[in-house]
Each structure stands twice: as C-alpha cells, then as structure tokens.
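Below: the structure, in structure tokens.
The values are calculated or read from the model by the stated rules, or taken from the named source; none is laboratory data. All figures in this text were calculated on a predicted structure; none of them were measured in a lab. Every residue, glycine among them, receives a Cβ derived from its backbone with ideal geometry; neighbour counts consider all protein chains shown. Ligands, DNA and RNA are excluded from the accessible area calculation, which covers all protein heavy atoms including side chains. Shrake-Rupley method; radii C 1.70, N 1.55, O 1.52, S 1.80 Å.
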Amino acid sequence: MERSKKPAAIPVTSSLPQPTLNISEDRVDAVLPSGESVSVSFHGATVTSWKLADGEEQLFLSEKAHLDGSKPIRGGIPVVFPVFGPPPASGHATSSLPQHGFARNSFWEFLGKSTSESSNENQKSDSNIKLDFGLSNGMLSDEFKKAWPYEFGLVYSVSLTPKSLETSLHVQNKGDKSFEFQVLLHSYLRVKDISQIRLQNLQSKTYIDKTQNASSHTESSPEVAIISETDRVYQSLDPTVPVIVSSAADNSKLFSITREALTDLVVWNPWIEKAKGMADFGPDEGYKNMICVEAGSVSGWQSIEPSDAWECGQTIHAKL
Ligand code: BG6
C-alpha cells in the first residue's frame, strides 16, 4: 500500500565538502576542500606536485623532467625499488637492473581513492584523501621481468591532509621464492635558497659519504648546512624522530619528516656541475631550490618469504 507520509531520506553522506579528484591519461590530481592539492603520475606512481592551501609548491620538479614515461621523473617523489643506486656489480638478484630499480620507471595502476575526516587542533574536521597505486610483476616490461624474475605486489598509498603528505609502500611476496630488496622514497623538497636551510636531528649519526669514496663519517653538527655537492646515506636512525629542514634565518621548521620502518636517510644535492651534467635537470640553477631528503632502507637488504609482506612509509609535514 502506498504510504502518504513517507519518512524523508536521511542523508548518508557527510555534510562536509569532499575532496575533488581528476583522473587524466597520465596522472591523478586531488584537491582538498581546504585547498591543498597533490598530483601523482602513473609513471612510477611519482608524486609530481604537492601544494599547500595558498598554492605554494612543496616539491621540486625539474623543468626538463620527462613526464611521458620515457625516463624516470626528475623531481617530486620517485619510488626507488628494489635496489638503491647502482646495483651490486654481479652475483646479486638485482645486478641486471638499472640504477634505483624499476618502480620509478614502470607504469602503475590507479587502485582508487578513499576519503576520511580528522579533527585538527581547532577541533574542526578536515577532509583528507588517500590515493592507492599498484604494481605487480605482470605489469613490468619484458626486460624488467627478465632482470628480476620474482612474483610481487606493491601498493603505494599517497595520503594528503591539510598539513602533511604521507607516502607508504606495502610490499608483498606473491611467489614461492624469497626475495631481497631495498626501498627509498626519493623526495625532492622545494626550498627557496639551499644556503638558507639546515638539517636537524642528524647529529652523532654515522653516514656514508658517496662523494668521498663511500667513506664512513660521524655527523658532528646539530644543524647540517649544504654548501657543496652532497650525497650521504645516514644510517641507523630512529624513524620516529623527525628529521627537520629548518630555516637558518629564524630556525622555523620548513619540513619535518617522520618514517616508518625506514632507518636510513639519504641527503642529496647535485650542486652546480652535476646539475649541469644531467640532461633532464633544469634550470641549471635549480639545485639551489631543492634538497633531497630520502627516507629509505638501503644500507642492507630486506628479505621477504613467500606469502609474507612488509610495509614502510614517511610523513612529511610542511610549514609547522
Ligand atoms: C640519490 C643517490 O638517491 O639519487 C645519488 O644517492 C644519485 O647518488 C641521485 O645521484 C639521483 O639518481 P638518479 O638515478 O635519479 O640520477
């Protein structure tokens, strides 16, 4: 029987404005109702842009970066997997792979988004968005499949909140052989002037200096300044202690990076000559506007058994 007074429909969706998502041929762009945005290229699942509500870009992307999939993207946050740097010369399962592995040089699948709300310090709710990307052995080029013949699944999640960007990687062994790998989240942070920044919370840590024949040193400074080509692997860090990029002028925090399961930290700036030597780096003076602070597990090898999984991640807070 038809009821004359049907109860009104109860809205099930939140009354808060929702993030917007735009999926194009080569990337996903997401914008929070509060104005922050993130762009992720399917090529390498590389985050290519992260902007705060005022439109200020937080990541450095080379003007000459190849965004068409022909080369790894120079800038943003490339994902390094399953080997960091040049692979061991021979005798290791990664030895036939290119520098920094295949993840940054493969086409990932967009798995979807989820949104959530969180309370900020003023007790107002914010909308956040998480974007998931997947890569598995079946999606690799024949060349990469041959060079690294393991069955694996990667899920890379990029989560944007009004003040932070979190990127996390879930590695799964889907085959019947264990495999070894390294991981690095190669973040190119944008800075106004490299001479005006300092890195904090690295004091007393051991680092390998790749500009000095991989010799081992102990960091003596509480505030590391970048004054020349820098390529260091800081080791055995407590991932929960934030590494801070601060302003030398007033000690304000520009970025704070906490990590999960990633105990190494690579600090890289090519400086003028190396920057000029990279065909995809531009402008030449761009090295002044970037510092790579790369959370990783690269000193040794992680190993996962068949059916096992491993997870890691980083959270970058900007303008604290
Ligand atoms: C850093 C390495 O992680 O990446 C450097 O420590 C390297 O040695 C840099 O030069 C850039 O690597 P690529 O392969 O992107 O030129």
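Below is a table of values for the structure above.
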{"item": "Student exercise, the chain dipole from Lys, Arg, Asp, Glu Cβ charges, in Debye to nearest 20", "result": "440"}
{"item": "Accessible carbon and sulfur surface of segment 165-260 relative to its total accessible area, %, 1.4 Å", "result": "42"}
{"item": "Lys276, Lys145, reordered so the largest accessible area comes first (probe 1.4 Å)", "result": "Lys276, Lys145"}
{"item": "Full-extension gain in nm, Ser96 to Glu25, via 0.36 nm per residue minus C-alpha separation", "result": "22.5 nm"}
{"item": "Entries in Lys163/Lys288; Lys113/Lys192; Lys64/Lys145; Lys113/Lys174; Lys163/Lys274; Lys71/Lys274 that, when Cα-Cα distance is taken, lie over 27 Å", "result": "Lys113/Lys192; Lys64/Lys145; Lys163/Lys274"}
{"item": "Accessible surface of segment 272-320 [probe 1.4 Å, protein heavy atoms]: carbon and sulfur percent", "result": "47"}
{"item": "Cα-projected label distance for Asn137 with Ser299, points at 7 Å along beta-carbon direction, nm", "result": "3.1"}
{"item": "Straight-distance crosslink candidates among aspartates and glutamates, where the alpha carbon sits under 19 Å from Lys210 and sequence neighbours closer than 8 are dropped", "result": "Glu219, Glu229, Asp231, Asp264, Glu273, Glu294"}
{"item": "FRET efficiency estimate (nearest 0.05) - Cβ-Cβ, Glu109 to Ser252, R0 56 angstrom", "result": "0.90"}
{"item": "Accessible area (Å², per residue) of the chain, counting only protein heavy atoms and a probe of 1.4 Å", "result": "47"}
{"item": "Links that overshoot a 21 Å alpha carbon limit, given the list Lys205/Lys319; Lys51/Lys253; Lys51/Lys319", "result": "Lys205/Lys319"}
{"item": "Of Ser157, Gln212, Asn251, farthest towards positive along the dipole that unit charges on Lys, Arg, Asp, Glu beta carbons give the chain", "result": "Ser157"}
{"item": "Net lengthening on full extension, Ser70/Lys174 (0.36 nm per residue, minus Cα-Cα)", "result": "34.6 nm"}
{"item": "Karplus-derived HN-Hα couplings along segment 296-301 (A = 6.51, B = -1.76, C = 1.60, θ = phi - 60°), whole Hz, x at Gly and Pro", "result": "x, 10, 10, 6, x, 10"}
{"item": "Area accessible to solvent at Tyr234, 1.4 Å probe radius, in Å²", "result": "0"}
{"item": "Estimated vicinal HN-Hα couplings, Hz - segment 85-93 in sequence order (Karplus 6.51, -1.76, 1.60; Gly, Pro = x)", "result": "x, x, x, x, 3, 7, x, 10, 4"}
{"item": "Built amide H within the under 5 Å cut-off of Lys319, gap 5+", "result": "Phe255"}
{"item": "Sites Glu63 and Glu223, calculated FRET efficiency, Cβ-Cβ separation with R0 41 Å, nearest 0.05", "result": "0.85"}
{"item": "About the Cα centre, charge dipole magnitude for segment 162-252 (Lys/Arg +1, Asp/Glu -1 at Cβ), debye", "result": "200"}
{"item": "Nonlocal amide H pairs with Gly85, under 5 Å, H built at 1.01 Å", "result": "His100"}
{"item": "Under the Karplus curve 6.51 cos²θ - 1.76 cosθ + 1.60, θ = phi - 60°, whole-Hz ³J(HN,Hα) for segment 200-205, x wherever Gly or Pro sits", "result": "10, 6, 10, 4, 6, 7"}
{"item": "Förster radius 25 Å - calculated FRET efficiency between Gln196 and Asp238, Cβ distance, rounded to 0.05", "result": "0.40"}
{"item": "Contour minus Cα-Cα distance for Asp280 and Ser116 (0.36 nm per residue)", "result": "55.3 nm"}
{"item": "Within segment 60-134: Cβ-based charge dipole about Cα centre, in debye rounded to nearest 20 (Lys, Arg +1; Asp, Glu -1)", "result": "260"}
